[in-house]
1. More than 29 Å from residue 243 (Cα to Cα) and modelled with pLDDT under 90 - does that describe any residue in region 175-183?
2. Restricting to region 237-283, count the residues that are under 30 Å from residue 171 (Cβ atoms) and either at pLDDT below 95 or in contact with a strand residue (DSSP E or B) (Cβ under 7 Å, 6 or more places away or on another chain) (or both).
3. Six or more apart or on different chains, Cβ atoms under 6 Å: show the pairs whose first residue is in region 63-84 and closer than 15 Å to residue 115 by Cβ and whose second is buried (at least 18 other Cβ atoms within 10 Å of the Cβ) and hydroxyl-bearing (Ser, Thr, Tyr).
4. Mind checking which residues of region 217-256 are of a type outside the set (Val, Ile, Thr) and over 22 Å from residue 187 (Cα atoms)?
5. Does residue 200 count as of a type in the set (Val, Ile, Thr) and assigned to a loop (DSSP other than H, G, I, E, B)?
6. When region 212-240 is examined, which residues are found to be part of a helix (DSSP H, G or I) and surrounded by fewer than 17 Cβ atoms within 10 Å (Cβ to Cβ)?
Amino acid sequence: MSALITQLITPYKIIFLNFYALVKNTIFFTFNGKKIYSNTNEFKDHEIVKNGDKLKELYKDLLKKTHVRKDVYIIEYPHPMCFCVGYQLSLSKDSHAGIFMSKGLFELDRDAFSFLLKHELSHIKFCDVLMSSMISILGLTFCAWLASCFFSTWNIIYISICLIPLMNHFLGGLWMHYRETRADAFAIKHSTTDEIRGAVRYFSAIKKYNASLSSNHPQYTREGELAKGFHYPKNSNRIQIFLNEVKKRTGFVYDPEMDSIDRHVALLKANDDALKNILTTPQT
């Protein structure tokens, strides 16, 4: 019974979190964004400020070329994945956006680092962090309006409780899948052939590392993919798109194992362990 209740509550919890994220992204990052970097103990202890400044200096021409805001932070952070916060729109000079790149990736594989940075720049440029929350809220509103056009009052209540959250989750998943695909296309457009090869190595390592976790973590399959959901493109599909682009540019098939992805896998594990240590260590 408790499992059924949890299953019914989960979609509404997701909707609430999306609404909260919408408000937070709109207000917090617009008017008070830089505090996320200066007032959070976790970031104080683990942010590599000097390296981040150096990275930003190295990629300043790229920021200018892609028309991404000048006040974006580029930060190395012990996380197996790369991600971003904030968005392109700004109502305040103190508003900031940040791109968090896996610690050690720049030294290990600069080409992979550059490709992933361009992928994250796309999310900033197209305001994906903000739009994800807006799409969820708009999707919920649309589903509710559509139900009111075709169903009686009692059926609307039933649909609102059971089906609308699922429909909203589906629409949100389609949007997330689209934005990831668009970010990959943006990165391919602005990347060299060597950088795309770097992306092949990185996602091949992600696939291999996820597969190694599948026995203890049911969210991953033995093939290294997410077991449920369609919010993100499959790693194998992304890799194939990158390989096709390399072949299109060079006429040759690229095998990532030639360059050994084991070092990437080791870095993913090291960052994963470091992140778990950060999350489980009490903040003073």
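1. As a first pass, look at region 175-183 and keep what is more than 29 Å from residue 243 (Cα to Cα): none.
So far as region 175-183 goes, no, none of its residues is more than 29 Å from residue 243 (Cα to Cα) and modelled with pLDDT under 90.
2. From region 237-283, those under 30 Å from residue 171 (Cβ atoms) are 237-242, 244-245; that's our starting set.
Then keep just the ones that are either at pLDDT below 95 or in contact with a strand residue (DSSP E or B) (Cβ under 7 Å, 6 or more places away or on another chain) (or both); that gives none.
Residues meeting the conditions: 0.
3. What qualifies is 82/102.
4. The answer is 217, 218, 219, 220, 222, 223, 224, 226, 227, 228, 229.
5. Numbers: of a type in the set (Val, Ile, Thr): yes; assigned to a loop (DSSP other than H, G, I, E, B): no.
No.
6. Filtering region 212-240 for residues part of a helix (DSSP H, G or I) gives 212-213, 235-240.
Across region 212-240, the qualifying residues are 212, 213, 236, 237, 240.
The values are calculated or read from the model by the stated rules, or taken from the named source; none is laboratory data. Everything quoted here is computed from the prediction, not taken from an experiment. Cβ atoms come from the backbone with ideal geometry, glycine included; neighbour counts cover every protein chain shown.
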